[in-house]
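The structure appears right after this line, and notes come after that.
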Amino acid sequence: MEIDVIILSYAKNADIIKMNNVCINSIIESSDKHAFNIILIETSDIDVVYPKQVTVIHPNSEFGYNKYLNIGLTYCKNEWIFISNNDTIYEKNFIDYMLEAYTQDNKLLSMSPIDDHWIYQNGFNRNTPIHYGYRLKYEIVCSSLLIHKKVLDVIGIFDENYTFWYQDDDYVKSLIKYNIKHALITKSKVHHLVSKSNHLFENWSKMVTSSENYFNNKWKKK
């Protein structure tokens with residue numbers, strides 16, 4: 001099976017390019033059963049050569065997190081879509097364990113891997129492979145998110161009013177609204193380096209405030 005992968009990048013310097021490659025290679029090398037169609041949405045105008053599984057897209061529009069995700073979606077062609085931060089490193093078989101969870105419960109359409117360095121997930125019993133729930137930073141970590149295309153058939157494309165931040169919160173609200181199952185898969189493991197490129201956006205704090213205000217207005221009566 002082939003899995004679509006969407007990664008957003010702002011390769012403004014050599015460190016970010018190196019980080020991209022580490023993330024991408026960890027995905028490609030993670031599975032002997034499945035292949036990956038990786039779509040890298042690049043904010044900078046730097047041309048970088050990545051592995052053959054990677055298609056680099058340079059949008060001709062101002063950055064918006066969900067807007068760029070939606071551009072990535074137009075290049076997706078498979079049943080499963082994996083959304084990943086570029087500051088992540090995946091362990092062997094991470095995607096295999098997620099798809100195994102789906103075979104146990106075919107209504108489980110949204111999943112996140114576990115990160116041993118993520119403080120909110122330290123209390124989970126690793127002997128229980130599937131932890132259902134909708135708590136952000138606990139069961140749901142949108143920096144690494146596997147979703148079935150059926151999810152988008154129900155909730156639609158990602159809300160482009162979120163330019164930076166709060167898109168995770170919106171996704172959680174949408175899952176709950178439409179009663180779509182999500183779970184943390186403890187066999188599936190990722191190491192998230194956390195916020196290694198946020199500082200590259202000069203106006204990131206304004207974008208956060210704008211997204212926060214929109215989120216509060218959108219969901220205040222729901």
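Values in this text are rule-based calculations from the coordinates and carry no lab data. Because the structure is predicted, anything quoted here is derived from the model rather than measured. In this analysis, Cβ positions are derived from the backbone assuming ideal geometry, glycine residues included, and neighbour counts consider all displayed protein chains.
Indicate the gyration tensor shape class of the chain (rounded, prolate or oblate), computed on the Cα atoms with a ≥ b ≥ c the square roots of the eigenvalues: a/c under 1.5 is rounded; otherwise a/b larger than b/c is prolate and the rest oblate.
Rounded shape, in that the Cα axes give a/c under 1.5.
About the Cα centre of segment 2-214, what is the dipole size in debye to 20, counting +1 per Lys and Arg Cβ and -1 per Asp and Glu Cβ, all else neutral?
440
Report the antiparallel proportion of the DSSP beta bridges in the chain as a percent, rounded to a multiple of 5.
Here the share of antiparallel DSSP bridges comes out near 35 percent.
Farthest toward the dipole's positive end in the chain, which of N20, I3, V48, given Cβ charges of +1 (Lys, Arg) and -1 (Asp, Glu) about the Cα centre?
Of the candidates, I3 comes out farthest on the positive side.
Using θ = phi - 60° and the Karplus relation 6.51 cos²θ - 1.76 cosθ + 1.60, list the HN-Hα couplings for segment 177-193 in order, rounded to whole Hz, with x at every Gly or Pro.
Values per residue, Gly and Pro as x: 4, 9, 6, 9, 5, 10, 8, 8, 10, 6, 6, 8, 10, 9, 10, 9, 7 Hz.
Counting only C-alpha contacts under 8 Å and six or more residues apart, can you give the relative contact order of the chain as a whole percent?
25
For segment 1-118, go through all pairs of different Cα atoms, get the mean of 1/r, take its inverse, and jot down that Kirkwood value in Å.
Its Kirkwood hydrodynamic radius stands at 14.9 Å.
Mind ordering 160-167, 127-134 by average Cβ neighbours within 10 Å, highest first?
So the peptides 160-167, 127-134, ranked by packing, come out 160-167, 127-134.
Cα-Cα over 20 Å: which of K92/K189; K18/K67; K149/K218; K173/K218; K77/K177? Write down the numbers at each step before the final one.
Working: K92/K189 8 Å; K18/K67 25 Å; K149/K218 24 Å; K173/K218 10 Å; K77/K177 26 Å.
With Cα atoms farther than 20 Å apart: K18/K67; K149/K218; K77/K177.
Going by how many other Cβ atoms sit within 10 Å of their own, how do V22, V5 line up, fewest first?
V22, V5
Consider all pairwise Cα distances in segment 90-145 and report the whole-number % of them above 14 Å.
Of the Cα pairs, 54 percent sit more than 14 Å apart.
What net charge is computed for the residues neighbouring P113, neighbours being all others with C-beta under 14 Å from the C-beta of P113, Lys and Arg scored +1, Asp and Glu -1?
Taking every other residue near P113 into account, the sum is -1.
Taking the Cα centre of segment 2-76 as the origin, how large is its charge dipole in debye, to the nearest 20, when only Lys and Arg (+1) and Asp and Glu (-1) carry charge on their Cβ atoms?
It works out to roughly 60 debye.
What percent does the relative contact order of segment 35-132 come to when contacts are Cα pairs within less than 8 Å and at least six residues apart?
Once normalised by length, the contact order is 18 percent.
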